[in-house]
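Engineer: One structure, as structure tokens, below. Some questions next.
The values are calculated or read from the model by the stated rules, or taken from the named source; none is laboratory data. For clarity, every value in this text was computed on a predicted model and none was experimentally measured. Glycine gets a Cβ as well: all are built from the backbone with ideal geometry, and neighbour counts include every protein chain shown. Surface accessibility is based on the protein's heavy atoms, side chains included, excluding ligands, DNA and RNA. Shrake-Rupley method; radii C 1.70, N 1.55, O 1.52, S 1.80 Å.
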Amino acid sequence: LTAKTLVACESVERKVIGEGIGEKRAAGKARGMWIGDKPTLGCGVVERKLLVNAAEAELVLGIFCRYAEHGSAAQLVRELAIEGQTTKSWVTQGGLHRPGRPIDQQYLFAMLRNHIYLGEMVHKGESYPGQHQAIVSPEIWNAAHAFIERRKQGPREHRTEHPALLAGLL
């Protein structure tokens, strides 16, 4: 065998292994199992199952409720910073401590879109019932997502009232 042939064989082998891993992940998620690396705020992981962490779940539910009330991510992030709330603090399998960091808007929106809080697992856009309890009710989820959907819609009215391009934004 030539070196070129060996490289081609290794490439094919890597692709086959990658596909197998992807299929295994998809099957696990379809069964509602946790297939991931770092745990989600509000949950802990035991034997590939998510278990609700009561203290963190209270924070998560509070975040959803507060966003559903006023729909202001900037205001909520400021409030959480004042309260000293952070992202998930956890310990790796290797024993390294990963401290939480201040919650920013990017993390907040990722959290608000995370179906784990509804008791679901998602893989490539498909949602499956999880083996864990929901933290957020569908009503609260829908109320929060009503604000998220409004953010996606076109320009806000006050922007069109001003002839200057950036007027009214500050």
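Engineer: Excluding Leu61 itself, what net charge comes from residues whose Cβ is under 13 Å from its Cβ, given Lys and Arg +1 and Asp and Glu -1? Walk me through the numbers before you get to the answer.
Structural biologist: Numbers: positive: Arg66; negative: Glu56, Glu58, Glu69, Glu139.
Charge balance near Leu61 sits at -3.
Engineer: What do you reckon, how do Cys43, Cys9 stack up by accessible area (1.4 Å probe), largest on top?
Structural biologist: Values: Cys43 0, Cys9 70 Å².
Solvent-accessible surface, decreasing: Cys9, Cys43.
Engineer: In this model, which of Lys4/Lys124; Lys88/Lys152; Lys124/Lys152; Lys38/Lys152; Lys49/Lys152 are farther than 24 Å apart at the alpha-carbon?
Structural biologist: Numbers: Lys4/Lys124 35 Å; Lys88/Lys152 28 Å; Lys124/Lys152 22 Å; Lys38/Lys152 29 Å; Lys49/Lys152 34 Å.
With Cα atoms farther than 24 Å apart: Lys4/Lys124; Lys88/Lys152; Lys38/Lys152; Lys49/Lys152.
Engineer: 5 Å is the cut-off here: which amide hydrogens, built 1.01 Å from N in the peptide plane, fall below it relative to Met121, excluding neighbours closer than 5 in sequence?
Structural biologist: Tyr128, Gly130
Engineer: In whole Hz, with x marking every Gly and Pro, tabulate ³J(HN,Hα) for segment 53-61 from phi via Karplus 6.51 cos²θ - 1.76 cosθ + 1.60, θ = phi - 60°.
Structural biologist: Computed from phi, the couplings for segment 53-61 are 9, 4, 5, 5, 5, 5, 5, 4, 4 Hz.
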